[in-house]
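The block underneath contains the structure these notes are about, expressed in structure tokens.
Just so it is clear, none of the values below were taken in a lab; they were calculated from the coordinates. Computed from a predicted structure; not experimentally measured. Neighbour counts run over all protein chains shown; Cβ positions are idealised from the backbone, glycine included.
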Amino acid sequence: MYLSRVNVLAEQPDELMGILTANHYELHQLLWRLFPERNAQEPRDFLFRRDEHKGFPVFYLQSPTPPTAIPGLLSVETKPYNPQLKIGDRLRFTLRANPVAQTRLARSADEQTALAAARLARGLREKNLLPQKRVRHDVVMQLKTSLSAAEKEHYSEAELVQQAGMAWLARKAENVGFKLLEASAEGYQQHHFKKRGIKISTIDFNGVLEVTDPQLFIQALYSGIGPAKAFGCGLLSVARA
């Protein structure tokens, strides 16, 4: 595995403006160009997070193969990444995630018919469709809708983000080999990708964690935390505390 810092050169004004105004999915497509040997139709196998340095975008990238710079557009600094960890190790961490809770809802007869037609149009074989569908909910909005009007007046959005975000991350931590020692959840944003009909939310997490299962934790480092990885979520960056 490799960790890279990707800096924007964008020597042409139009190129720079395109990067500055790009949404997260467009940035994913841009970073895919750092792997020219890969077919664009292949599944994504890298994680990334956008940050800023002196007003310019900078990208942190984790990938199984080293990226290649794009002259005049993107420069790359890369190093091998092979973390050696043990139980009890304490690490500072940064994570931008798409915290969602998943529930099951009943499919209507019309939805089942439409799903069957869509499968047929894509050339997929017929199969018995599940009567339920999985639905993802933004954990912050889910918490808001559970509150009474009086309770909503009592809490600020920052407090709701902290409460919902930290509860989500604590649940994730139990399954991927770490526990939280101290952490904050902030920077809540909603993102709309109209062309793709997708809406996601993101929260930025920072803090200190303790490794409880090195094998599980390293798997999480490599595969990322939570959904929406193609939109710049899931990269868990760590350093010794």
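Name the residue, out of Ala69, Ala117, Ala101, whose mean-square fluctuation peaks in a Gaussian network model built on the chain with Cα pairs under 10 Å.
Result for the chain, Cα springs under 10 Å: Ala117 fluctuates most.
May I ask you to order 54-64, 231-241 by the average number of other C-beta atoms within 10 Å around their residues, highest value first?
231-241, 54-64
If I take all pairs of Cα atoms in region 137-241, what percentage of them are more than 19 Å from each other?
Of all Cα-Cα pairs in region 137-241, 49 percent lie more than 19 Å apart.
Tally Lys and Arg at +1 and Asp and Glu at -1 over the other residues with C-beta under 12 Å from the C-beta of Leu143: what net charge comes out?
-2
Starting from the alpha-carbon convex hull of region 1-89, give the projected area averaged over all orientations, in nm².
If you wrap the Cα atoms of region 1-89 in a convex hull and average its projections, you get 7.2 nm².
What is the packing order of peptides 160-171, 141-152, taking the mean over residues of other C-beta atoms within 10 Å and listing the highest first?
Order by mean packing, descending: 160-171, 141-152.
Build a GNM of the chain with springs between Cα atoms under 10 Å: which of His154, His191, His137 gets the top mean-square fluctuation?
Its mean-square fluctuation being the largest, the pick is His154.
First select every other residue whose beta carbon is under 13 angstrom from the beta carbon of Val76; then total the charges, Lys and Arg +1, Asp and Glu -1.
+2
Semi-axes of the chain's equivalent ellipsoid from the Cα gyration tensor, sqrt of 5 times each eigenvalue, largest first, rounded to whole Å?
Each semi-axis is √(5λ); the values are 30, 27, 20 Å.
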